[in-house]
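A short worksheet on the structure shown next.
What follows is calculated from the coordinates using simple rules that are stated; it is not laboratory data. Everything numeric here is computed off the predicted structure, so don't read it as measured data. Cβ atoms come from the backbone with ideal geometry, glycine included; neighbour counts cover every protein chain shown.
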Amino acid sequence: MIQVKNLVKKFGEFTAVDHISFEVGRGEIFAFLGPNGAGKTTTIKMLTTLLRPTSGTLEIDGLDPGAHPNEVRKRFGIVFQDPSLDGDMTAWENMEIHGVFYHVPRKVRVERTEQLLRLFELWERRNDQVKLFSGGMKRRLEIARGLLHTPKILFLDEPTLGLDPQTRNQLWTHVKYLNQTEGVTVFLTTHYMDEAERVAQRIAIIDHGKIVAEGSPEELKRQTGKESLEDAFLVLTGSTVREESATNADQMRQMAKMWGNRR
Amino acid sequence: MSVIYVLWLRELKRYIRSRAQIVASLGQPLLYLVALGFGLGPVFQKAGQGNYVQFVAPGIIAMTVLFSSIFSGMGLLWDRQFGFLKETLVAPVPRVEVMLGKVLGAATVAMIQGLLVAIVCFIAGFRVVDVKAVPAALLFMGLIACLFSALGTAIGSAIENIQGFQLVMNFLVMPIFFLSGALFPLSNLPGVLSVVTRLDPLAYGVDGLRTTLIGISHFGLAADLSVLVVITTILLFTGSYLFSKIQA
Ligand SMILES: Nc1ncnc2c1ncn2[C@@H]1O[C@H](COP(=O)(O)OP(=O)(O)OP(=O)(O)O)[C@@H](O)[C@H]1O
Ligand SMILES: [Mg+2]
């Protein structure tokens, strides 16, 4: 379903994604794990037509996102790591716009919107502007919106960031259900190793833009001789904290932009 | 429901929900009208040019439409800042439709603002010379609105940060306004200035409005109309192209 060969993305001199290759099969749940700044989001952006790769090849359902962006866009749904809601619109309106974007028939859209807003406990607040929501509520709406249409591939970039355990549980149950009933292929990233272990059939670990290990959770544990995926992850990626946390990097980028150093 | 329609509706809802902004954005034209209209009125009259409020009102209406449409068009920058842009960029719809929804929404908002200011002008004593020409004046308002919404969207696609907005305002929008003849007659200008004003698309919009509203013409209606239509078309194409190239 997803095929990546020798993918590279450079921002100026800096190589964020460095010759990675992997495949995700149809109907598979695939987790992409790695420390902050490893290149996960950048990879997802290239797969989802938001960024053009520096070099290498990509295929989504046999199509190159660079050459057929719209065909590719029809095939996936995504929950972004960063906010992507319209704060001036209500929860309901955000769902409505999404439904129109994805050509969900009106009747189905209305039904599913209600079902999802109830599932993620936003139904009571459906007519409130999203900018009034708490962080976790916004996150839940992002997820509900991402699940409104049923895509062939679902990208989830740290979907559970900042969510309470109840909601996390709801989310993964729902994702597994979609995967089993509709055969949706899932590509996810998370920093919670227990989640990855629970839902993912296969895992790739990326560090400094390179894939350092790949396999089922069991295989990764066996490879490293560790009891838990968390320990295996630490062995594979080292235990030093990445000083370049995403937020810091973002600030740097903002500064650079302010001084006209556009990349 | 089509994509263009929901995005158009979104612009309109955002406008209606920001009441403070509506009031604030009417303040500036009002200030111009009062300060200039009544302040410069006597001088203008002495110079044998007639009633200045009458002369400047079409210019103030054009100014309102200009600022409002550029501002809404560049709302793209806020969509980028708050992340909603990503949602539109991955949607399986032709980006030209997204762009059109945005432009039409921005233009509609600008038209509403322009009409509100026209009402204010009326209260301040402005009178149309020929009521039958009002639909033509509305057409010119609409063209100005579309032209600058397209320009705003094009610029919003090309620049990435809010800081750039100030630059555009100071070095593009303000000159467009001041050189358009919104505040002074374009006849008998010194050489360089008269060339520059000819290059200013808003000059044709102001002229069209002035011709239809008070019967004073500089370029002629045919020239006004064709320049506005051609430039709007070019900007729509440029804007779509730039919008389709956005990366996030
Ligand atoms: N537009 C950009 N310009 C410059 N550098 C960028 C840009 N986007 C990402 N980077 C850099 O690329 C690297 C990878 O970033 P990416 O967002 O892919 O990391 P990630 O694996 O998703 O991390 P996290 O777990 O923190 O989300 C980081 O060092 C980041 O600073
Ligand atoms: Mg990330």
Rounded to the nearest 500, what is the 222 nm mean residue ellipticity of chain B from helices alone, with -39500 (n - 2.57) per DSSP H run of 4+ residues and division by all residues? -23500 deg cm²/dmol
Whole-angstrom gap from region A:1-16 to region B:34-51, using each part's C-alpha centre: 65 Å
For a quick check, take a GNM of chain B with Cα springs below 10 Å and name the residue from B:Val131, B:Val96, B:Val120 with the largest mean-square fluctuation. B:Val131
Out of region A:5-97, which GluC sites (Glu not before Pro) are coil in DSSP terms and have no more than 12 other C-beta atoms within 10 Å? A:Glu13
Please identify every one of the trypsin sites (Lys or Arg not before Pro) in region A:67-164 that sits in a loop by DSSP and has no more than 14 other beta carbons within 10 Å of its own beta carbon. none
For helix B:201-214, report the angle its Cα long axis makes with the longest principal axis of the Cα atoms of chain B; keep it between 0 and 90° and round to the nearest 10°. 50 degrees
So how tilted is helix B:95-123 from the main axis of chain B? Cα-based, degrees 0 to 90, rounded to 10. 30 degrees
Taking only Cα atoms and a 10 Å spring cutoff, compute GNM fluctuations for chain A and point out the largest among A:Asp61, A:Asp157, A:Asp82. A:Asp82
Pseudo-spin-label distance B:Lys245 to A:Thr54, built 7 Å along Cα→Cβ, given in nm, is 2.1 nm
Share of alpha-carbon pairs per 5 Å distance bin for region B:1-83, given as whole %: 3, 12, 16, 19, 14, 10, 9, 7, 5, 3, 1, 0
With a point put 7 Å past each Cα toward its Cβ, work out how far B:Leu189 is from A:Glu219 in nm, to one decimal. 7.2 nm
Give the Cα extents of region B:134-248 along the principal axes, in whole Å, largest first. 49, 31, 19
Measuring from centroid to centroid over Cα atoms, what is the spacing of region B:111-150 and region A:61-93 in Å? 39 Å
Mind pulling the angle between the C-alpha long axis of helix B:3-17 and the longest principal axis of chain B? Nearest 10 degrees, somewhere in 0 to 90. 60 degrees
Per residue and in Å³, how big is the convex hull formed by the alpha-carbon atoms of region A:40-173? 112 Å³
Under the 7 Å Cα-to-Cβ spin-label approximation, A:Ser21 and A:Val8 lie apart by a distance in nanometres of 1.5 nm
Can you give the convex hull volume of the alpha carbon atoms of the protein assembly as shown per residue, in Å³? 160 Å³
